[in-house]
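The block underneath contains the structure these notes are about, expressed in structure tokens.
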Amino acid sequence: CFPEQPHATYSDDPACHPPGPHCGGAETLSCLFCSESLPLMHKDVLLKHLLLQHKLVIADVQLIAHLPKYLLYWKGRFLEQPITDFCSEIKTNSTGPVEKQERYFLLCDVLPEDRALREKLQQKRLEEVLEQQQKEREDRSFHRVCMFCNDEFTGNRSDLLNHMAHEHAFSVGLPDNIVYCDELLDTLQSKVDNLQCLYCEKTFKDKVTLKDHMRKKAHRRINANNRQYDRFYIINYLELGKTWEEVQSEDDRELLDDKDDDWSDWRACPVSAVCLFCDLRRDAMDDIYAHMKEVHDFDLQHLRAELSKFYQQVKLVNFIRRQIHQNRCHACQGKFGCRGDVLRHLRERQHAMMLPPARTWNQPQYYFPTYENDALLCALSDSDGEESDGRAGEDGVPVIAEDLLDARLVKENSVLRNLLKPTT
């Protein structure tokens with residue numbers, strides 16, 4: 001399923017020209033000063049010709065979106081005006097004799113006209129790529145077999161890409177980020193047919209060995225450092241001279257440079273607390289306490305006074321909230337069909353303020369909240385500082401400090417004294 005193509009059909013660098021089926025050797029590169037012209041695949045030969053024969057250096061050639069059009073533009077401009085009007089002049093051996101000095105010319109984007117030309121070509125290439133991507137989305141003639149199994153896919157390319165990601169743990173990225181999808185799949189299929197790993201690109205003796213290698217080494221992915229794949233991702237066409245790594249690594253540096261540190265206009269959003277027994281929300285904790293006491297006969301402040309330890313309060317609140325969430329009475333552990341039946345049971349049996357034995361709720365699992373960002377927990381306080389001696393453990397067991405040792409007695413009674421040599 002991989003069509004025969006010349007080895008140099010694509011340039012390794014996607015920034016040199018628009019990728020796709022049309023970017024083979026059909027386009028030619030014309031010298032800026034003479035009639036010399038070469039196929040696009042021989043770009044380096046032409047650049048060498050410009051350097052040796054015409055003493056011209058073009059800066060950052062790899063960032064030029066469409067080199068043939070770039071060269072044609074400047075060939076026309078050099079016919080209108082002398083090269084010194086556009087290029088910086090560089091002299092070699094400037095301190096030596098005049099006859100040994102050579103003049104070179106540098107054409108770069110420091111010149112506003114050159115910069116504008118590069119940006120225009122970049123924009124044109126981006127438009128072509130987006131147009132190609134839209135065609136692929138609307139194309140319903142797609143038909144292909146998965147390279148890992150025998151499943152066939154027709155109509156939409158994203159179905160095949162999602163299938164490989166979900167069924168075979170092989171993801172090339174989101175379908176909306178990919179362009180020239182057929183060529184990408186051809187490239188991957190060619191590597192698999194040649195028994196080549198898609199990540200480390202090692203070659204194996206048979207498909208079974210290749211499959212085991214990719215599974216055990218977690219190589220069911222493409223190598224992000226292989227620039228051959230860059231032309232298949234939209235992100236590489238977004239900004240002039242930036243690869244996908246540079247685009248992704250960008251942060252809001254201008255925010256870091258902002259010297260305005262005035263936070264006086266900051267208005268924090270109030271955090272609402274939720275009742276332990278129903279869905280009532282209130283911004284003020286006193287309102288929540290009053291509601292639970294009046295409506296549910298539950299006095300949390302009274303229980304907090306009895307449980308002076310902060311973590312005991314946390315575990316009790318988390319325990320009650322979890323029991324109510326599971327439609328269970330926190331006092332007798334009775335199970336009910338809905339929240340309303342639980343609340344009715346608590347009111348009729350007066351179980352709201354009844355607590356089960358401490359071993360039921362004073363468990364490590366209730367360190368963790370039932371609901372994320374439970375504001376009721378933030379209102380709990382630790383009253384350890386109010387205790388008289390401050391040395392009681394969490395369960396009320398006194399913690400007795402170790403006795404201080406008398407160094408003189410230890411020295412006199414130690415068995416090591418017999419090892420000491422008598423002093424004279």
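By how many nm would the segment from Lys48 to Glu167 lengthen if fully extended, with 0.36 nm per residue of separation less the alpha-carbon distance? Numbers along the way, then the final one.
Details: separation 119, 0.36 × 119 = 42.84 nm, distance 4.93 nm.
Net length gain for the segment: 37.9 nm.
How much accessible area per residue does region 28-111 have, in Å², with a 1.4 Å probe?
Values: 4800 Å² over 84 residues.
That works out to 57 Å² per residue.
How long is the gain from Ser190 to Glu348 if the chain were fully straight, where each residue apart is worth 0.36 nm and the alpha carbon distance is subtracted?
Numbers: separation 158, 0.36 × 158 = 56.88 nm, distance 7.49 nm.
Full extension from Ser190 to Glu348 adds 49.4 nm.
Simple spin-label model, 7 Å along Cα-to-Cβ: Val61 to Ala218 in nm?
Inter-label distance under the simple model: 4.1 nm.
At Leu106 and Ala358, where each label point lies 7 Å from the Cα along Cα→Cβ, what is the point-to-point distance in nanometres?
7.9 nm
Considering only protein heavy atoms, what per residue accessible area in square angstrom results for region 139-249 with a 1.4 angstrom probe?
52 Å²
Over all directions, the average projected area of the alpha-carbon convex hull for region 28-111 comes to how many nm²?
On the way: hull surface 24.2 nm².
Averaging across all directions leaves 6.0 nm² for the Cα convex hull.
Setting aside same-chain residues fewer than 8 positions from Lys293, which lysines have a Cα under 29 Å from its Cα?
Correct list for Lys293: Lys309, Lys315, Lys335.
May I ask you to evaluate 6.51 cos²θ - 1.76 cosθ + 1.60, the Karplus curve with θ = phi - 60°, for each residue of region 290-300 and list the ³J(HN,Hα) values in order in whole Hz, giving x for glycine and proline?
5, 4, 5, 6, 7, 8, 10, 6, 10, 9, 5
With a cap of 14 neighbouring Cβ atoms within 10 Å, and only residues DSSP puts in a loop, list the chymotrypsin sites (Phe, Trp or Tyr not before Pro) found in region 297-376. Mind showing how you got there, number by number?
Details: sites: Phe298, Phe310, Tyr311, Phe319, Phe336, Trp361, Tyr366, Tyr367, Tyr371; in loops: Phe298, Phe336, Tyr371.
Hits after loop and neighbour filter: Tyr371.
Cross-link candidates for Lys202: which lysines have Cα within less than 18 Å, leaving aside residues fewer than 8 places away along the same chain?
Straight-distance partners of Lys202: Lys191, Lys211, Lys216, Lys217.
Taking 7 Å along the Cα-to-C-beta vector as the label spot, tell me the Thr95-Ala290 distance in nanometres, rounded to one decimal.
Label at Thr95, label at Ala290, 8.9 nm between them.
How high is the FRET efficiency between Lys202 and Asp176 when r is their beta carbon distance and R₀ equals 25 Å, given to the nearest 0.05? Could the numbers behind the result be given before it?
Values: r = 31 Å, r/R0 = 1.25.
So the FRET efficiency works out to roughly 0.20.
Counting only protein heavy atoms and using a 1.4 Å probe, what share of the accessible area of region 273-379 belongs to carbon plus sulfur, as a whole percent?
48 percent
With a Förster radius of 45 Å, plug the Cβ-Cβ distance of Lys135 and Lys335 into 1/(1 + (r/R0)^6) and report the FRET value to the nearest 0.05. Intermediate values should be presented prior to the final figure.
Working: r = 60 Å, r/R0 = 1.33.
Once rounded, the FRET efficiency stands at 0.15.
Could you work out the Kirkwood radius for region 139-249, taking every pair of different alpha carbons, averaging 1/r and inverting it, reported in Å?
14.9 Å
Along each of its three principal axes, how wide is the spread of alpha-carbon positions in region 273-379, in whole angstrom units, largest first?
31, 30, 26
Exactly which trypsin sites (Lys or Arg not before Pro) in region 102-199 are in a DSSP loop and have at most 10 other Cβ atoms within 10 Å?
Numbers: sites: Arg103, Arg115, Arg118, Lys120, Lys124, Arg125, Lys135, Arg137, Arg140, Arg144, Arg157, Lys191; in loops: Arg140.
Answer by residue number: Arg140.
Run down the lysines and flag those whose C-alpha is under 27 Å from the C-alpha of Lys120, throwing out any fewer than 8 positions away in its chain.
Here the lysines satisfying the reach criterion relative to Lys120 are Lys43, Lys48, Lys55, Lys69, Lys75, Lys135, Lys242.
Using a Förster distance of 51 Å, how high is the FRET efficiency between Asn225 and His143, based on the Cβ-Cβ distance and rounded to 0.05? The partial results should precede the final answer.
Details: r = 32 Å, r/R0 = 0.63.
Calculated transfer efficiency: 0.95.
The values are calculated or read from the model by the stated rules, or taken from the named source; none is laboratory data. From a predicted model like this one, the values you see are computed outputs, not experimental measurements. With ideal geometry, Cβ positions are generated from the backbone for all residues, glycine too; neighbour counts draw on all protein chains shown. Calculation scope for accessible area: heavy atoms of the full protein, side chains included, ligands and nucleic acids excluded. Shrake-Rupley method; radii C 1.70, N 1.55, O 1.52, S 1.80 Å.
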